[in-house]
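Asker: Input: one structure, supplied below.
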Amino acid sequence: MSRPLVAILMDDADRLSWTDRRHLFSDSLIDDLRGRYTVRFEPGADLVNDEEARMRLLEGAQACITGWGAPHFTDKIIEACPRLGFIGYAGGSVKAYVCDAIVRRGIAVSSADIINAEDVSQTAIGLILTGIRGLVPRYLEGRGERLSAYPSRGISGKTVGIVGAGLIGRKVMSFVRGLDVRLLVADPFLNEAEAAHLGAELVSLDELGERSDVISIHVPSLPETRGMFDRRFFASMKDDAILINTALGDLIDQRALAQRLSQSRIFAYVDVIDPDQGDAILTRANFAYSPAVAGCLRDTQYRMGEFVVAEMDRFFAGEPLVNRFDFSKMAIRA
């Protein structure tokens with residue numbers, strides 16, 4: 001019996017500063033795949049700019065694995081690949097990469113976002129503890145900044161607010177509820193019983209802003225969520241509150257945040273800023289920026305490649321996928 005044909009839809013160009021094909025799918029992983037599948041891989045092809053090259057690569061393939069920095073699928077490509085039944089994406093959100101034809105055909109799509117979510121949640125947890133302890137202000141004081149207005153405190157007895165109870169938000173909540181804290185959650189798709197099961201009190205976004213000592217944002221970037229953290233929200237925050245954002249930068253109105261930072265003692269820890277809003281906020285003494293280091297970094301990205309390969313193995317074995325993307329929830333997914 002012939003072995004399934006698998007296409008690797010990535011070349012060897014280092015198109016992103018923080019990843020390339022070798023970090024996601026190492027040469028040894030590809031060699032291992034060749035022991036079980038017929039593998040088509042063209043590392044020298046310009047797959048991003050040449051749609052015809054992508055079509056040739058995928059012709060006759062039953063499965064495709066791809067990842068961060070790879071070219072997108074189009075309806076034309078999918079319609080020319082009638083045997084394609086599985087796509088494994090070694091990255092976060094698949095929304096920018098899939099097309100309508102994938103949904104219509106019912107092609108199974110799995111993402112390694114659950115692997116990336118582990119790293120993002122760990123970063124958020126670290127910032128919750130770092131923030132409440134005031135480690136960054138203390139470090140800056142040691143460098144000559146005058147930031148004594150930002151106290152070092154313990155986490156016990158504080159109120160932690162989680163905005164967004166998706167994959168990452170729930171991982172953070174799972175850790176936080178093991179501490180001696182009051183846990184709040186704001187999520188329009190969560191009910192009180194579900195929140196209680198997560199060990200949290202379900203509140204409105206406004207109430208969360210007013211009551212929380214630490215606020216951690218885990219909301220997908222959607223048209224209706226962009227800029228949702230605005231001047232009104234920042235005005236509701238306690239004067240000594242900590243704001244953490246390990247989600248995307250466009251959720252925050254950066255001008256409004258910069259204004260609040262200039263007026264009070266809140267401290268903000270942000271992993272991604274929105275470049276379209278400028279970078280003036282970076283000069284604020286009570287603003288810490290870690291440029292996109294929350295997710296899987298170069299030395300751990302191999303885990304995402306291994307995950308989608310394992311998902312592909314499950315697909316060909318007729319087993320349920322661990323993380324099949326639910327297209328019915330695309331409107332509310334990152």
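The values are calculated or read from the model by the stated rules, or taken from the named source; none is laboratory data. All values derive from a computational prediction rather than experimental measurement. Note: ideal-geometry Cβ built from the backbone for every residue, glycine included; neighbour counts use all protein chains shown.
Asker: If we scan the range 69-85, do we find a residue that is aliphatic (A, V, I, L, M), in contact with a strand residue (DSSP E or B) (Cβ under 6 Å, 6 or more places away or on another chain) and at pLDDT 95 or above?
Answerer: Among the residues of the range 69-85, not one is aliphatic (A, V, I, L, M), in contact with a strand residue (DSSP E or B) (Cβ under 6 Å, 6 or more places away or on another chain) and at pLDDT 95 or above, which makes the answer no.
Asker: Enumerate the pairs (first residue in the range 88-104 and farther than 17 Å from R303 by Cβ; second residue anywhere and hydroxyl-bearing (S, T, Y) and surrounded by 15 or more Cβ atoms within 10 Å (Cβ to Cβ)) with beta-carbon separation below 6 Å, excluding pairs fewer than 6 apart on the same chain, so at least 6 apart or on different chains.
Answerer: V94/S111; C99/T74
Asker: Checking H23 against (1) more than 30 Å from S328 (Cα to Cα); (2) in contact with a Pro (Cβ under 8 Å, 6 or more places away or on another chain); (3) not small (G, A, S), which single condition isn't satisfied?
Answerer: (2)
Asker: May I ask you to say which residue of L282, L257, L243 is in a helix (DSSP H, G or I), within 20 Å of L135 (Cβ to Cβ) and modelled with pLDDT of 85 or more?
Answerer: One residue alone meets the criteria, L282.
Asker: What are the residues in the range 99-121 that are within 17 Å of L58 (Cα to Cα) and part of a strand (DSSP E or B), if any?
Answerer: A108, V109
Asker: Return yes or no: is R298 more than 18 Å from D119 (Cβ to Cβ) and among the basic types (K, R)?
Answerer: No: the conditions fail for R298.
Asker: Would the range 49-63 turn up any residue that is outside the structural domain of T246 (by TED's automatic domain parsing), without any contact (Cβ under 8 Å) to a residue 24 or more places away in the chain, closer than 30 Å to I332 by Cβ and surrounded by fewer than 23 Cβ atoms within 10 Å (Cβ to Cβ)?
Answerer: No, the range 49-63 contains no residue that is outside the structural domain of T246 (by TED's automatic domain parsing), without any contact (Cβ under 8 Å) to a residue 24 or more places away in the chain, closer than 30 Å to I332 by Cβ and surrounded by fewer than 23 Cβ atoms within 10 Å (Cβ to Cβ).
Asker: Before we move on, is S2 of a type outside the set (V, I, T) and under 16 Å from F325 (Cβ atoms)?
Answerer: The answer is no for S2.
Asker: If you go through the range 174-225, how many residues are touching a strand residue (DSSP E or B) at 6+ places or on another chain (Cβ under 9 Å) and either surrounded by 13 or more Cβ atoms within 10 Å (Cβ to Cβ) or not aliphatic (A, V, I, L, M) (or both)?
Answerer: 36
Asker: Which residues, taken from the range 314-329, are exposed (fewer than 15 other Cβ atoms within 10 Å of the Cβ) and either in a helix (DSSP H, G or I) or free of Cβ contacts under 8 Å to residues at least 12 places away in the same chain (or both)?
Answerer: The answer is A317, G318, E319, P320, D326, S328, K329.
Asker: Every residue in the range 236-291 that is surrounded by fewer than 19 Cβ atoms within 10 Å (Cβ to Cβ) and of a type in the set (V, I, T), please.
Answerer: T283
Per-residue answers, yes or no, for (1) touching a helix residue (DSSP H, G or I) at 6+ places or on another chain (Cβ under 6 Å); (2) without any contact (Cβ under 8 Å) to a residue 24 or more places away in the chain:
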| position | (1), (2) |
| --- | --- |
| E207 | no, yes |
| V219 | yes, no |
| D230 | yes, no |
| A235 | no, no |
| D250 | no, no |
| D253 | no, no |
| S262 | no, yes |
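Asker: When you scan the range 145-153, do you find a residue that is surrounded by 17 or more Cβ atoms within 10 Å (Cβ to Cβ) and modelled with pLDDT of 90 or more, even just one?
Answerer: No, the range 145-153 has no match at all.
Asker: Another question, then. Among the residues of the range 276-298, which ones are more than 24 Å from P137 (Cβ to Cβ) and in contact (Cβ under 8 Å) with a residue 60 or more places away in the chain?
Answerer: Result: G295, C296, L297, R298.
Asker: Within the range 17-29, does at least one residue satisfy the condition of being of a type outside the set (F, W, Y) and over 14 Å from G305 (Cα atoms)?
Answerer: yes
Asker: Considering S216, S236, which residue is closer than 19 Å to R265 by Cβ and at pLDDT below 95?
Answerer: Every option except S236 fails the conditions.
Asker: Specify the residue that is nearest to F86 (Cα to Cα); the eligible residues are those in the range 293-334 that are among the aromatic types (F, W, Y) and either touching a His at 6+ places or on another chain (Cβ under 8 Å) or at pLDDT below 95 (or both).
Answerer: Among those that are among the aromatic types (F, W, Y) and either touching a His at 6+ places or on another chain (Cβ under 8 Å) or at pLDDT below 95 (or both), it is F325.
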